Structures are given as C-alpha cells and as structure tokens.
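One structure is given below, encoded as structure tokens.
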Amino acid sequence: MVQRMTFVIRAFTRADEAAVVTLWRAAGLTRPWNDPHADIARKHTVQAELFLVGELEGEIVASAMAGYDGHRGSVYYLAVSPAHQRRGHARALMAEVEHRLTAIGCPKLNLMVRRDNGAAVGFYARIGYDEQAVVTLGKRLIADEPGER
C-alpha cells in the first residue's frame, strides 16, 4: 500500500519566514533589488490571511501572496519547491487563492509573469488565465536594501 503525503494549505505565520525565503530563492523568484524579508514584513501588515503556504508533512513546499484592493485581486510569489513541482500544488494554491478572493467579493484576479518564464505562462494558461491587452508600468516608491538574513 502506498501512503500519500497530504498537502496542507494554511496562512503564513512569522515562524515560516526563513523557509519561505529559502523556497522563493530555490524557485528563482527573488531579485537583487527586492528584499524578500521586507516584502514579507509589508504583507504581514495588510491582508495577512491572503499570504498562504503549502506544507507536506510539516515542510513548507509552496507559497502564494495574494491581495484585493476593492477593484482587482493580485497574486505574487506563487512558488513550489523544485523537488515538489508538477504534483498539483501550484494548482491547489491558486484554487485556494481564487476561493478566498471570491469570498471577499473580488471580481477579477490579475497577475504578472516575467516575459522569460514560459513555464509559468503555460501553467496559468492551463488553469484558465489569458494574456490581457495591457502594459504593466511600475515605479518604486520605497527602495529596498537587500541583505542576507
């Protein structure tokens, strides 16, 4: 008999920070100009219940950081540990994000994917997302000072 590990989705807690940053780095999501610890600290003050982690046997193997501004929802930092990819964990996390956003009245979810990340674009297309005819613009208001913690 084969016993399957149960994938558990729950809200992030401060005790998860080191494991989540390690996950983001392993998944290639961090960039030198963004301090992941600062991103976590900021998210912990706004809709913390929409910052989710996925666990297998107590190990954090996935994450998603979502939000809703009253007009559109967003999701960032969807990550699955490379050792646990292609097992439905990202799909399960996105389903939970969509469920939670719908429950608070969010009519549409937007997300951004880096142009060179064809695997992510393909994943999102498979779960019903399509490219929108928009240009995303950005302006940094607070400069992060990345540092190893």
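Throughout, read-outs are computed from the coordinates displayed, never taken from laboratory work. Owing to the predicted nature of the structure, the values given are computational and were not obtained by experimental measurement. Every residue, glycine as well, gets a Cβ built from its backbone with ideal geometry; the counts of neighbours run over all protein chains shown.
Here are a few things to note about the model shown:
- Peptide ranges 22-30, 71-79 listed from the most packed, as the mean C-beta count within 10 angstrom indicates: 71-79, 22-30
- Charge dipole (the chain, unit charges on Cβ, about Cα centre) - positive-most of 12, 80, 22: 80
- Total charge dipole magnitude, the chain, about the Cα centre, Cβ charges on Lys, Arg, Asp, Glu only, Debye to nearest 20: 300
- Fraction in percent of alpha-carbon pairs per bin - 10 Å, the chain: 10, 40, 39, 10, 1, 0
- Burial ranking of peptide ranges 84-90, 124-130, 42-48 (average Cβ count within 10 Å, highest at the top): 84-90, 42-48, 124-130
- Summing +1 for each Lys or Arg and -1 for each Asp or Glu among the other residues whose beta-carbon sits under 14 angstrom from that of residue 128 gives 0.
- Averaged over residues, the count of other Cβ atoms within 10 Å places the peptides 104-112, 91-99, 61-69 in the sequence 61-69, 91-99, 104-112, highest first.
- Mean ellipticity per residue at 222 nm, deg cm²/dmol - from DSSP H runs of n ≥ 4 across the chain, formula -39500 (n - 2.57): -8500 deg cm²/dmol
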